[in-house]
Amino acid sequence: MRALVYHGPGQKAWEEVPDPEITDDGDVIVQVDATTICGTDLHILRGDVPAVQPGRVLGHEAVGTVWEAGDGVRRLCPGDRVLVSCISGCGSCRYCREARYGQCTEFGGWILGHKIDGTQAEFVRVPYADTSTFRIPEGVSDEEALMLADILPTGYEVGVLAGGVRPGDVVAVVGAGPVGLSAITGARLYSPSRIVAIDLSDARLEAAKHFGADVVVNNSREDALAAIKDLTGGLGVDVSIEAVGVAAAFELAVKLARPGGRIANIGVHGEAAMLHLEEQWIRDITITTGLVDTSSTPTLLRLITTGQLDAKPFITHHFALDEFEEAYDVFARPEDTGALKVVLT
Ligand SMILES: NC(=O)c1ccc[n+]([C@@H]2O[C@H](COP(=O)([O-])OP(=O)(O)OC[C@H]3O[C@@H](n4cnc5c(N)ncnc54)[C@H](O)[C@@H]3O)[C@@H](O)[C@H]2O)c1
Ligand SMILES: [Zn+2]
Ligand SMILES: [Zn+2]
């Protein structure tokens, strides 16, 4: 088969590799019908994720058709259309029993395109298939389902649920990339009174308006804290969601929360960020962090099926599987291309 192989920082190639094989009776082999690129793949290509070794097939998001199922697989048969989640879970360890699949101790969690070969390929081996894939209902397209492999559950679980968004809340989302926009989409399910999107990029803020932000602030030229104080009678927001992954964004997100407020960090941080405890100790704030579990995927899939959630606006570009070079280039330059999610089929 052909697959996108990582060859060390800055290097990747769409090339011939051996077909994946079932190595555990809980595995399935999925023929990839649609896959996409994540910001995390760009981090890998910059060499920021050393656990990814040269020779690894990239990608942790896919929709496909079961090609072959191991003897221990009970819920899936060849021909089934499935969502392959960015998180694999054994289903039985302590964390999986608490639906914290991201923390699975039996070689689950984020493994695809990280510790084992991933989804940017014609075929992929998916371990723990019964508890790591989701059957796609009729009426939901491949590309809509694909948005549930990572970004939508991430924004919803690590941003909206961890931040405890409630009706009437004022919610700030720092960073309006695909994950921040997913947090905006998820927050709207709880009828907040105001959603404020904060980003350095006007193109991303335009997208944020389209996804339901009531107010947008470009913090390359506006004082985001002053804008939030203005909007909230000097208090700050009820829930502040960080969806960037840089220290400045986390430190801003903390400042934006009102006393008693909640700060939900989603961003993957490669460097230390400062927590000014000398200012914050007195403010009754709660800070959460997390890796997505994808435990909300069935809920989000139902909301897409009934039309309460629209995944289509995330998809800005389409490519064929052998056009990965061009797809990565378009995805890596969102300011010029307007890219949110690119779909390869
Ligand atoms: N916790 C998890 O489980 C999980 C899962 C998936 C992704 N992530 C992380 O979520 C983060 C967001 O992902 P994405 O794909 O949307 O990334 P992205 O790079 O597409 O978007 C980030 C946005 O933040 C903006 N930004 C940069 N610096 C800023 C600043 N100082 N203030 C305000 N905005 C700023 C950028 O203009 C961009 O629009 C990344 O760190 C990603 O690795 C976390
Ligand atoms: Zn991802
Ligand atoms: Zn587990």
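Where a number appears in this text, it was derived from the coordinates with a stated rule and is not lab data. A quick note: this is a predicted structure, and the numbers were derived from the prediction, not measured. With ideal geometry, Cβ positions are generated from the backbone for all residues, glycine too; neighbour counts draw on all protein chains shown.
Pop out the ³J(HN,Hα) list for the range 191-196 in order, Karplus 6.51 cos²θ - 1.76 cosθ + 1.60 with θ = phi - 60°, rounded to Hz; leave Gly and Pro as x.
Calculated HN-Hα couplings, in order: 6, x, 6, 8, 10, 10 Hz.
State to the nearest 20 debye the size of the charge dipole of the range 41-109 about its Cα centre, where the only charges are +1 on K and R beta carbons and -1 on D and E beta carbons.
Numbers: 8 positive and 8 negative charges, 39 e Å.
Here the range 41-109 has a charge dipole of around 180 debye.
Using 0.36 nm per residue, how much length does the chain from residue 302 to residue 68 gain when fully extended, once their Cα-Cα distance is taken away? Could the numbers behind the result be given before it?
On the way: separation 234, 0.36 × 234 = 84.24 nm, distance 2.67 nm.
This chain segment gains 81.6 nm when fully extended.
Using the count of nearby Cβ atoms within 10 Å as a rough guide to exposure, how do 229, 209 rank from fewest to most?
Numbers: 229 17, 209 14.
Taking fewest neighbouring Cβ atoms as first place, the list is 209, 229.
When the chain is modelled as a GNM with alpha-carbon springs shorter than 10 Å, which of 262, 94, 221 fluctuates the most?
221
Non-local amide H neighbours of residue 257 (under 5 Å, H modeled in plane, Pro and chain starts lacking H): which ones?
For residue 257, whose amide H was placed from the backbone, the distant partners under 5 Å are 237.
Which pairs, out of 115/341; 209/229; 115/255; 12/255, put more than 30 Å between their alpha-carbon atoms? Please list the in-between numbers first.
Working: 115/341 23 Å; 209/229 20 Å; 115/255 36 Å; 12/255 40 Å.
115/255; 12/255, as the Cα separations exceed 30 Å there.
Projecting each Cα onto the charge dipole of the range 1-148 (Lys/Arg +1, Asp/Glu -1 at the beta carbon, about the Cα centre), which of 1, 13, 67 comes out farthest on the positive side?
Working it through, the farthest residue towards the positive pole turns out to be 13.
Expressed in whole Å with the largest first, what are the equivalent ellipsoid semi-axes of the chain derived from the C-alpha gyration tensor as the square root of 5 times each eigenvalue?
Values: eigenvalues 235, 87, 72 Å².
In descending order the semi-axes read 34, 21, 19 Å.
In a GNM of the chain with a 10 Å cut-off on Cα contacts, which of 138, 222, 335 has the highest mean-square fluctuation?
Per the Cα network of the chain with a 10 Å cutoff, 138 tops the list.
Give me 46, 100 sorted ascending by neighbouring Cβ count inside 10 Å, so fewest comes first. Don't skip to the answer; put the middle values down first.
Values: 46 11, 100 18.
With the fewest neighbours first, 46, 100 line up as 46, 100.
Return the sequence-ordered ³J(HN,Hα) values of the range 279-284 in whole Hz as given by the Karplus equation 6.51 cos²θ - 1.76 cosθ + 1.60 applied to θ = phi - 60°, using x for Gly and Pro.
Values per residue, Gly and Pro as x: 9, 8, 4, 8, 9, 6 Hz.
In the chain, if the dipole is taken from +1 on Lys/Arg beta carbons and -1 on Asp/Glu beta carbons about the Cα centre, which of 220, 334, 263 is farthest to the positive end?
The Cα lying farthest towards the positive end belongs to 263.
Could you work out the relative contact order of the range 251-290? I mean the mean sequence separation of Cα pairs under 8 Å and 6+ apart, divided by the number of residues, in percent.
Result for the range 251-290 is 57 percent.
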